[in-house]
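Just below is one structure, and these are the notes that go with it.
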Amino acid sequence: MNRKTLTKLINVASGKAEADIVIQNGIIADVYSGRFVKKEILIAGEYIAAVLDPKTRNYTNGKTEIFDAGGQFVLPGLIDSHIHIESSYLSPLALERILLPLGTTTIIADPHEIMNVSGLLGLDYMLKAAARAVMDIKIMLPSCVPSTAFENAGAILEAEALAAPLGNDRILGLAELMNYPGVINCDEKVIDKILLAKAKGKIIDGHSPGLTGSELCAYRAAEVLTDHECTTREELEERLSLGMYVLLRQGAVCHDLRTLIPAVTGENSRRCLLCSDDCQPMSLKEQGHISGFLRICVEEGLDPMTAIRMATLNSSECYRLYDRGGIAPGLRADLVIVEDLKHFKASRVYVKGTLYSENGGYVDAPCDKALGNSFLVKDFSTKRLELPVKTSEAWVIRVIPGSIVTGKVKAQVAIDESGNYIHSPGSNIAKIAVIERHRGTGNIGLGLISGYGIHSGAIASSVAHDSHNIIVTGVSDEDMAAAVHRLIAIGGGAVLVKAGQVIEEMPLPIGGLMTGEGGDWVLAKLTAINEKAVAELGVDIRLDPIVTLSFMSLPVIGQLKLTDMGLFDVDSFEFIPLAM
């Protein structure tokens, strides 16, 4: 803020100058006192100048814009305290067009996915896109690139490479520290990153599913401040008691909010935040974003003011965003006007004093440019999909509907005269492959999957957590290969093939993860993919075909997963042979 801006702000607040905008007849959510009050909001430029009792002043100069809120509720701009933009399949600017009309004015983004594909080039892309956005996109610097040593990612970023980015004022801190075993066991490379963040005065986000007792204390001793992986009341309460913030998650995959709300009390609520972690156009359409989470909170019996604080003031304090989170003089004029405290439907959204959304409309924004070719696939052919089993019994990844955890099961499988696996018509087992696409290693991990339901054709995707190699499943090697070849040709995304023909596809040319197209385009593509995956390929109707497939390569969440290096047993933390 410069001298001219500050002087104007003070003069408007004191009554010596006229406000640019006045919002009248609104019921303000005073998150500081915990009350709803009927006051006027005076805006000067990008900031709130004053919050006054009604009729304190007359506005007769004709230059001040007056908006009558008509008894609607005025909330501080909503904050998503942890989100992976890439998981929406949308570019930052395209996602903004959906979130802003829902009342979200700030997001804390972890570009973990794009940086596992493109390294610091991916970070640069995200920072440049964020600079062009209306919604304020804050960045946390990924701490785990690659996420594990059990797969090949597009980059390796140790502490030395993170030093310069962490010095950037636009980066709030170190993103979710998924390698909690590395913290607990004082792995030198992990400790280097923690010390670097502390030296830069930056906060550290956590990720510690199931951690408890002395191990959780060891994790917290490293000054890990947050965790969004709580799935039980006990996990939430233990973390709060150790001085952590808990981010209650309601994402496209993990729905923890309703489970955790009963653990939120008047005594502990100020350390609770709301986050999506992952969101997609389909989930946003069905449940909304943070405004939808507020609705869920109230449905579950939480006091509306407590819920609003979790989406505003608590988040701003946790992430040291002291210029927002409430409605008070000197703060950014990020405001959301909602019709009621039940549905939280936004009728107006202001960002830095400018009206950017009215009745669900959104700001148009230019599309992002792609990062360039992110596919360096070596030595791939149909022949390389042959899967030697030798025996009739093999380990199989079992899909569990509604969960990213998988089962590890023994199954009888058919083999040909050469000892290679062959699909049996009517069987619920299909072949799955992960093809390395970043370094040209030629690695292909091969395995078997059950419970996915596919009984015809193949599905390939370049969204495959966390390293985002190509993942493909199907019952025909020819169809699987055709899907992979088409996926590479379109620059990534998702491809469905049946009988050698592409029946549906969704190009994601930005790192193989995102598109600059709008949310409606992605929603239409996902709807078509889901419908054809079920109707023509036989995928289980209870599953999201692409999301489910994308987590089959995540080697940090059990039990059995597949990477480009092979079949990985998460419980024993080692690669295992397919056949027994």
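In region 71-85, is there at least one residue being more than 20 Å from ILE337 (Cα to Cα), in contact with a strand residue (DSSP E or B) (Cβ under 6 Å, 6 or more places away or on another chain) and either surrounded by fewer than 22 Cβ atoms within 10 Å (Cβ to Cβ) or hydroxyl-bearing (Ser, Thr, Tyr) (or both)? Explain how you work it out, then say what you get.
Of all residues in region 71-85, those more than 20 Å from ILE337 (Cα to Cα) come to 81-85.
Add one more test, that the residue is in contact with a strand residue (DSSP E or B) (Cβ under 6 Å, 6 or more places away or on another chain), and what stays is 81-83, 85.
Checking which are either surrounded by fewer than 22 Cβ atoms within 10 Å (Cβ to Cβ) or hydroxyl-bearing (Ser, Thr, Tyr) (or both) leaves us with 81.
Yes, some residue in region 71-85 is more than 20 Å from ILE337 (Cα to Cα), in contact with a strand residue (DSSP E or B) (Cβ under 6 Å, 6 or more places away or on another chain) and either surrounded by fewer than 22 Cβ atoms within 10 Å (Cβ to Cβ) or hydroxyl-bearing (Ser, Thr, Tyr) (or both).
Give, as residue ranges, the strands (runs of 3 or more DSSP E) completely inside region 253-368 that count at least 2 residues that are of a type in the set (A, V, I, L, M, F, W, C), touching a helix residue (DSSP H, G or I) at 6+ places or on another chain (Cβ under 7 Å) and within 22 Å of ILE27 (Cβ to Cβ).
Of the strands (runs of 3 or more DSSP E) lying wholly inside region 253-368, those with at least 2 residues that are of a type in the set (A, V, I, L, M, F, W, C), touching a helix residue (DSSP H, G or I) at 6+ places or on another chain (Cβ under 7 Å) and within 22 Å of ILE27 (Cβ to Cβ) span 346-351.
Looking only at region 187-203, filter to residues that are of a type in the set (A, V, I, L, M) and free of Cβ contacts under 8 Å to residues at least 60 places away in the same chain; which one of those is nearest to THR148 (Cα to Cα)?
Among them, the one singled out is VAL190.
Which residues, taken from region 381-418, are more than 35 Å from the chain's Cα centre (by Cα), under 29 Å from GLY440 (Cβ atoms) and of a type in the set (Lys, Arg)?
LYS383
Every residue in region 28-58 that is without any contact (Cβ under 8 Å) to a residue 60 or more places away in the chain and touching a Leu at 6+ places or on another chain (Cβ under 9 Å), please. Talk me through it step by step, then tell me what you get.
Initial filter on region 28-58 (without any contact (Cβ under 8 Å) to a residue 60 or more places away in the chain): 33, 37-40, 42, 52-58.
Matches in region 28-58: LYS39, GLU40, LEU42, LEU52, ARG57.
What's the total number of residues in region 45-66 that are at pLDDT 95 or above, assigned to a strand (DSSP E or B) and within 25 Å of GLU96 (Cβ to Cβ)?
2
For residues in region 6-35 being closer than 28 Å to ALA311 by Cα and among the hydroxyl-bearing types (Ser, Thr, Tyr), which is surrounded by the fewest Cβ atoms within 10 Å (Cβ to Cβ)?
SER33
Residue by residue through region 212-227, note down the ones that are within 17 Å of LYS193 (Cα to Cα), free of Cβ contacts under 8 Å to residues at least 60 places away in the same chain and either among the hydroxyl-bearing types (Ser, Thr, Tyr) or part of a loop (DSSP other than H, G, I, E, B) (or both).
Within region 212-227, TYR219, ALA222, GLU223, VAL224 qualify.
When region 541-551 is examined, which residues are found to be closer than 20 Å to MET506 by Cβ and out of contact with any His (no Cβ under 9 Å at 6 or more places or on another chain)? Spell out how you get there, then give the answer.
Filtering region 541-551 down to residues closer than 20 Å to MET506 by Cβ leaves 541, 543-551.
The answer is ILE541, LEU543, ASP544, PRO545, ILE546, VAL547, THR548, LEU549.
Do we have ILE184 as of a type in the set (Val, Ile, Thr), in contact with a helix residue (DSSP H, G or I) (Cβ under 6 Å, 6 or more places away or on another chain) and in contact (Cβ under 8 Å) with a residue 24 or more places away in the chain here?
yes
Quick check: is even one residue across region 532-539 surrounded by fewer than 24 Cβ atoms within 10 Å (Cβ to Cβ) and touching a Phe, Trp or Tyr at 6+ places or on another chain (Cβ under 7 Å)?
no
Give region 71-98 a look and list any residue that's farther than 22 Å from ASP124 by Cβ and either charged (D, E, K, R) or modelled with pLDDT under 95 (or both), or say none.
ASP80, ARG97, ILE98 - these are the residues of region 71-98 that are farther than 22 Å from ASP124 by Cβ and either charged (D, E, K, R) or modelled with pLDDT under 95 (or both).
Look through region 263-322, keep the residues that are charged (D, E, K, R) and on the phi > 0 side of the Ramachandran plot, and return whichever of them is surrounded by the fewest Cβ atoms within 10 Å (Cβ to Cβ). Spell out how you get there, then give the answer.
Here is the first cut: in region 263-322, the ones charged (D, E, K, R) are 267, 270-271, 277-278, 285-286, 295, 299-300, 303, 309, 317, 320.
Going one step further and asking which of them are on the phi > 0 side of the Ramachandran plot, we end up with 277, 320.
Details: ASP277: 23, ARG320: 12.
If we take residues in region 263-322 being charged (D, E, K, R) and on the phi > 0 side of the Ramachandran plot, then ARG320 is surrounded by the fewest Cβ atoms within 10 Å (Cβ to Cβ).
For region 110-125, how many residues meet the condition of being aliphatic (A, V, I, L, M) and either crowded, with 24+ Cβ neighbours inside 10 Å or not assigned by TED's automatic domain parsing to the domain that holds SER276 (or both)?
Adding up the residues that qualify gives 3.
It is to be established whether one or more residues within region 26-39 are of a type outside the set (A, V, I, L, M, F, W, C) and over 30 Å from GLU267 (Cα atoms).
Taking every residue of region 26-39 in turn, none turns out to be of a type outside the set (A, V, I, L, M, F, W, C) and over 30 Å from GLU267 (Cα atoms).
It is to be established whether one or more residues within region 170-187 are more than 20 Å from ASN116 (Cβ to Cβ), in a helix (DSSP H, G or I) and assigned by TED's automatic domain parsing to the domain that holds CYS275.
There is at least one residue in region 170-187 that is more than 20 Å from ASN116 (Cβ to Cβ), in a helix (DSSP H, G or I) and assigned by TED's automatic domain parsing to the domain that holds CYS275.
Please specify each residue of region 559-580 satisfying the condition of being crowded, with 17+ Cβ neighbours inside 10 Å and either in contact with a His (Cβ under 7 Å, 6 or more places away or on another chain) or closer than 13 Å to PHE150 by Cβ (or both).
Of everything in region 559-580, those that are crowded, with 17+ Cβ neighbours inside 10 Å and either in contact with a His (Cβ under 7 Å, 6 or more places away or on another chain) or closer than 13 Å to PHE150 by Cβ (or both) turn out to be LEU560, LYS561, LEU562, THR563, ASP564, MET565, GLY566, LEU567, PHE568, VAL570.
Could you list, in sequence order, the residues of region 203-214 that are touching a helix residue (DSSP H, G or I) at 6+ places or on another chain (Cβ under 7 Å) and more than 15 Å from LEU240 (Cα to Cα)?
The one that is touching a helix residue (DSSP H, G or I) at 6+ places or on another chain (Cβ under 7 Å) and more than 15 Å from LEU240 (Cα to Cα): ILE204.
When the residues of region 111-149 are narrowed to those that are among the acidic types (Asp, Glu) and either out of contact with any strand residue (DSSP E or B) (no Cβ under 6 Å at 6 or more places or on another chain) or outside any strand (DSSP E or B) (or both), which ends up nearest to LYS189 (Cα to Cα)?
GLU113
Of a type in the set (Ser, Thr, Tyr), modelled with pLDDT of 95 or more and surrounded by fewer than 18 Cβ atoms within 10 Å (Cβ to Cβ) - does that describe any residue in region 378-390?
yes
Among the numbered conditions (1) in contact (Cβ under 8 Å) with a residue 12 or more places away in the chain; (2) more than 30 Å from LEU526 (Cα to Cα), tell me where TYR322 comes up short.
Of everything listed in (1) in contact (Cβ under 8 Å) with a residue 12 or more places away in the chain; (2) more than 30 Å from LEU526 (Cα to Cα), TYR322 misses just condition (1).
So for region 413-432 (the condition being under 19 Å from PHE150 (Cβ atoms), surrounded by 15 or more Cβ atoms within 10 Å (Cβ to Cβ) and either in contact with a His (Cβ under 6 Å, 6 or more places away or on another chain) or among the β-branched types (Val, Ile, Thr) (or both)), does at least one residue qualify? Give the steps one after another, and end with the answer.
Of all residues in region 413-432, those under 19 Å from PHE150 (Cβ atoms) come to 432.
From the residues that got through so far, the ones that are surrounded by 15 or more Cβ atoms within 10 Å (Cβ to Cβ) too are 432.
Add one more test, that the residue is either in contact with a His (Cβ under 6 Å, 6 or more places away or on another chain) or among the β-branched types (Val, Ile, Thr) (or both), and what stays is 432.
Within region 413-432, one or more residues are under 19 Å from PHE150 (Cβ atoms), surrounded by 15 or more Cβ atoms within 10 Å (Cβ to Cβ) and either in contact with a His (Cβ under 6 Å, 6 or more places away or on another chain) or among the β-branched types (Val, Ile, Thr) (or both).
The values are calculated or read from the model by the stated rules, or taken from the named source; none is laboratory data. Keep in mind the model is a prediction, meaning the values are calculated, not measured. Virtual Cβ from ideal backbone geometry, glycine too; neighbours counted across all protein chains shown.
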